[in-house]
Number of protein chains: 2
Amino acid sequence: MQFISTLYGKHEVIIDDDVASGGKDSGTRPKALMLSSLAGCTGLDVLSLLQKMRVKFSDFSIDVEGHQTTEHPKMYNHVILTYKIKLAPSSHAKMKKAVDLSQEKYCGVSAMFRAFCKLDYKIEFL
Amino acid sequence: MQFISTLYGKHEVIIDDDVASGGKDSGTRPKALMLSSLAGCTGLDVLSLLQKMRVKFSDFSIDVEGHQTTEHPKMYNHVILTYKIKLAPSSHAKMKKAVDLSQEKYCGVSAMFRAFCKLDYKIEFL
């Protein structure tokens, strides 16, 4: 039940089912990759915007929590993004602006999620 | 511009921007992971259905072609899946049935894509 997904001709991602479903858990379940895609897309936006605003920061990460419907085909119906970052209190407003710009204007994956799912987000300042 | 996405607490996927956008191309662009998710989800369905139907096959792969809008936020607006497989001509109808069942009933990622995008698919018998 293992697939190797090759992106841009060179970057490989291993996809496999869990043991209970007949796989060997050698890689991720495929649907969860949509959540990686979401976090990565908005994460690159925010990094890029913070750099343009010359904001210094560290420990930037994004947690993604996805809830699915219970009937086939099982789809995400509620996803919560939690942006975590350490920066000076004087830069909190700029971080909020960067996240809002990504969510409202730039992040294509977030826009796609909103076509089928409730998408909430929050920021935790470390 | 690099992120490490950790799924199920252990499977890691590296996300990075291309060099032209300030990244180092150490991993995939994030949006393309949605296409890996799509191919992996329907691919696992088809594998599982072919095994249940006791169909022998080899060389199974899926090509995914994604087209995006040109304005921000850039979203996929047309995706084409090409299932490629080698099996006996007597099993061609079973392969078609497995793909149709995945696309019409089981594959949650395909259902999510249809919320924002035209999704076409075809089968190539090798």
Report, for chain B, the % of DSSP beta bridges that are antiparallel, rounded to 5.
60
Please report, as a whole percent, how much of the solvent-accessible surface of segment A:1-98 comes from carbon and sulfur atoms (probe radius 1.4 Å).
50
Calculated label separations, B:ASP18, copies of the chain, 7 Å along the beta-carbon direction, nm
3.7
Using alpha carbon centroids, what distance separates segment B:1-52 and segment A:83-119, in Å?
21
Measuring label to label, 7 Å along Cα→Cβ, what does B:GLN68 give against each other copy in nm, shortest first?
2.6
Highest GNM mean-square fluctuation among B:SER102, B:SER90, B:SER21, for chain B with Cα springs under 10 Å, belongs to B:SER21
Over chain B, how many pairs of lysines fall under 16 Å by alpha carbon, counting only those 8 or more apart in sequence or from different chains?
24
Which of A:ILE85, A:ILE62, A:ILE15 ends up with the largest GNM mean-square fluctuation for chain A, with Cα atoms connected below 10 Å?
A:ILE15
Rg and Dmax of segment A:25-126 over Cα atoms: what are they, in angstrom?
14.6, 47
Helix-only mean residue ellipticity at 222 nm for chain B, each DSSP H run of n ≥ 4 adding -39500 (n - 2.57), per residue, nearest 500:
-9000 deg cm²/dmol
Neighbour-limited loop hits for GluC sites (Glu not before Pro), segment B:62-114 (at most 15 other Cβ within 10 Å; DSSP other than H, G, I, E, B)
B:GLU71
Pairs of Cα atoms under 8 Å, at least six residues apart: use those to get the relative contact order of chain A, whole percent.
22
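The values are calculated or read from the model by the stated rules, or taken from the named source; none is laboratory data. Here the structure is a predicted model, which is why all the values come from computation and not from measurement. Cβ coordinates were reconstructed from backbone atoms using ideal geometry, including for glycine residues, and neighbour counts include every protein chain displayed. SASA here: full protein model, heavy atoms, side chains in, ligands and nucleic acids out. Shrake-Rupley method; radii C 1.70, N 1.55, O 1.52, S 1.80 Å.
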